[in-house]
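Student: Handing you this structure, nothing more for now.
Since every read-out is calculated from the coordinates, none of them should be taken as a lab result. The shown structure was predicted, so the numbers you read here are calculated from the model rather than taken from an experiment. Glycine also receives a Cβ, built like all others from the backbone with ideal geometry; neighbour counts cover every protein chain displayed.
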Amino acid sequence: MLAQVHPQAIRIAQALRDRGEKLAVADGATGGLIMASLLTVPGALDFFVGGGVVYSFRARDVLFDQPKDAYKGMRGASEDYALLQARSIRANFQADWGIAESGSVGGSDHPTGAPAGRSCVAVVGPDGEWTHVTVTGSNDRIANMEAFTKGALGFLEDVLKR
């Protein structure tokens with residue numbers, strides 16, 4: 001899968017390098033594949049500052065450093081949840097851009113009851129905030145992780161072209 005998204009990662013890297021800007025990533029249901037995809041680009045330190053896999057409430061609390069009430073009324077695998085995460089990862093890593101993915105990959109029940117095959121991505125940058133939803137409708141965990149990663153990278157690339 002990484003070989004398939006490598007050309008896309010190169011384009012994202014070039015767009016960020018051309019701007020002199022850096023990105024932080026909060027992977028959720030993608031399990032680190034967004035970060036891994038970007039790290040296939042040699043010299044990734046030029047555009048990538050770091051991130052983490054947010055796969056538990058503890059990871060969420062450490063990476064985002066938000067008070068518990070910041071999430072009040074939000075559910076995982078939702079646009080508002082992904083947006084809060086993108087804002088937080090960007091701020092906490094002092095990056096120009098933040099991208100966060102929150103989804104339900106399937107194979108087991110999501111703790112919030114989100115349906116399998118739903119991924120929400122948020123991108124926050126110097127000029128705005130954007131969200132995108134990918135729905136596969138599938139319960140195939142591996143296929144969903146790949147689809148969510150490709151969807152997130154494609155959305156980030158589109159936002160960077162604006």
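Student: With the crude spin-label approximation of a point 7 Å out along Cα→Cβ, what separation in nm comes out for residue 3 versus residue 19?
Tutor: 3.1 nm
Student: Return the distance in nm (one decimal) between the two label points of a simple spin-label model at residue 109 and residue 94, each offset 7 Å from Cα along Cα→Cβ.
Tutor: 4.4 nm
Student: A further question on this structure: Taking the Cα centre of the stretch 2-161 as the origin, how large is its charge dipole in debye, to the nearest 20, when only Lys and Arg (+1) and Asp and Glu (-1) carry charge on their Cβ atoms? Could the numbers behind the result be given before it?
Tutor: Details: 15 positive and 18 negative charges, 31 e Å.
The calculation lands at about 160 debye.
Student: Treat the count of other C-beta atoms within 10 Å as a stand-in for reagent exposure and order 124, 53, 62 from fewest to most. Display every interim value, and only then the final one.
Tutor: Values: 124 27, 53 18, 62 12.
So the residues, fewest neighbours to most, are 62, 53, 124.
Student: Please compute the length gained on full extension between residue 72 and residue 44, using 0.36 nm multiplied by the number of residues separating them and subtracting their Cα-Cα distance.
Tutor: Working: separation 28, 0.36 × 28 = 10.08 nm, distance 3.54 nm.
Contour length minus the Cα-Cα distance gives 6.5 nm.
Student: Give the whole-number value, in cubic angstrom per residue, of the convex hull volume spanned by the C-alpha atoms of the chain.
Tutor: On the way: hull volume 15.3 nm³, N = 162.
So the per-residue Cα hull volume is 95 Å³.
Student: Using a cut-off of 22 Å between alpha-carbon atoms, which lysines can reach residue 22, once sequence neighbours fewer than 8 places away in the same chain are excluded?
Tutor: Leaving aside lysines fewer than 8 places away in the same chain, those within reach of residue 22 are 150, 161.
Student: By how many nm would the segment from residue 55 to residue 161 lengthen if fully extended, with 0.36 nm per residue of separation less the alpha-carbon distance? Mind showing how you got there, number by number?
Tutor: Values: separation 106, 0.36 × 106 = 38.16 nm, distance 2.97 nm.
So the chain would gain 35.2 nm between residue 55 and residue 161.
Student: Let me ask you something else. Defining a contact as two alpha carbons under 8 Å apart and six or more residues distant in sequence, what relative contact order in percent does the stretch 2-161 show?
Tutor: Details: 327 pairs, mean separation 38.8, N = 160.
Averaging sequence separation for qualifying contacts and normalising by length gives 24 percent for the stretch 2-161.
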